[in-house]
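The values are calculated or read from the model by the stated rules, or taken from the named source; none is laboratory data. Just so we're clear, the structure is a prediction, and the values are computed from it rather than from any experiment. Neighbour counts run over all protein chains shown; Cβ positions are idealised from the backbone, glycine included.
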Amino acid sequence: MAWLTAFGVFLLLCGLLGLLLPNPPPAPWRRRMRRRVRRRTARLTARLHRTTVPAPDPFDTLRLQTRLTCLSSKIRRVESTPHVYARAHRLMALEAAYDDLLDEACRLAGCPDPPDQKRSEAKRWQEEQELAARGWTW
């Protein structure tokens, strides 16, 4: 029985060596066999070498929440003050930065991407609700 196992290992090693060494174009059935072996070994290596996604750093989450807090307070301040120089421009810039931070927070929290929507109050509200449902506060 040991000789049968040794013979099987020998054939396996010969097959793997045949895949690595350059040689003349093989017969069509050999090409098919090589493709199958390559596909199966690729699947096997993909299973064995799975990469794990690291958990998000809690300090990144905290940093992002403080930036969201800061921007939301600035937006409230600009909206509540009637006589601010270039008010519309400031408000648009602050809202664009807030929207970008919301996108980053949604990626970090693992929220599903909504369908391609333009920047709007509805999308901002939806992202805020998704984050609040996941326990985010700012």
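Yes or no, residue by residue, for (1) acidic (Asp, Glu); (2) surrounded by fewer than 10 Cβ atoms within 10 Å (Cβ to Cβ); (3) in a loop (DSSP other than H, G, I, E, B); (4) in contact (Cβ under 8 Å) with a residue 40 or more places away in the chain:
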| position | (1), (2), (3), (4) |
| --- | --- |
| 17 | no, yes, no, no |
| 33 | no, no, no, no |
| 62 | no, no, no, no |
| 66 | no, no, no, yes |
- Residue check for residue 29: on the phi < 0 side of the Ramachandran plot, surrounded by fewer than 10 Cβ atoms within 10 Å (Cβ to Cβ) and modelled with pLDDT of 80 or more: no
- Query: Under 8 Å by Cβ, and 6 or more places apart or on different chains, what pairs join a residue from the stretch 84-96 that is of a type in the set (A, V, I, L, M) with one that is outside any helix (DSSP H, G or I) and surrounded by 11 or more Cβ atoms within 10 Å (Cβ to Cβ)?
  - Reply: 96/119
- Message: Checking the conditions here, which among 53, 78 is more than 24 Å from residue 137 (Cβ to Cβ) and either in a loop (DSSP other than H, G, I, E, B) or touching a Leu at 6+ places or on another chain (Cβ under 7 Å) (or both)?
- Response: 53
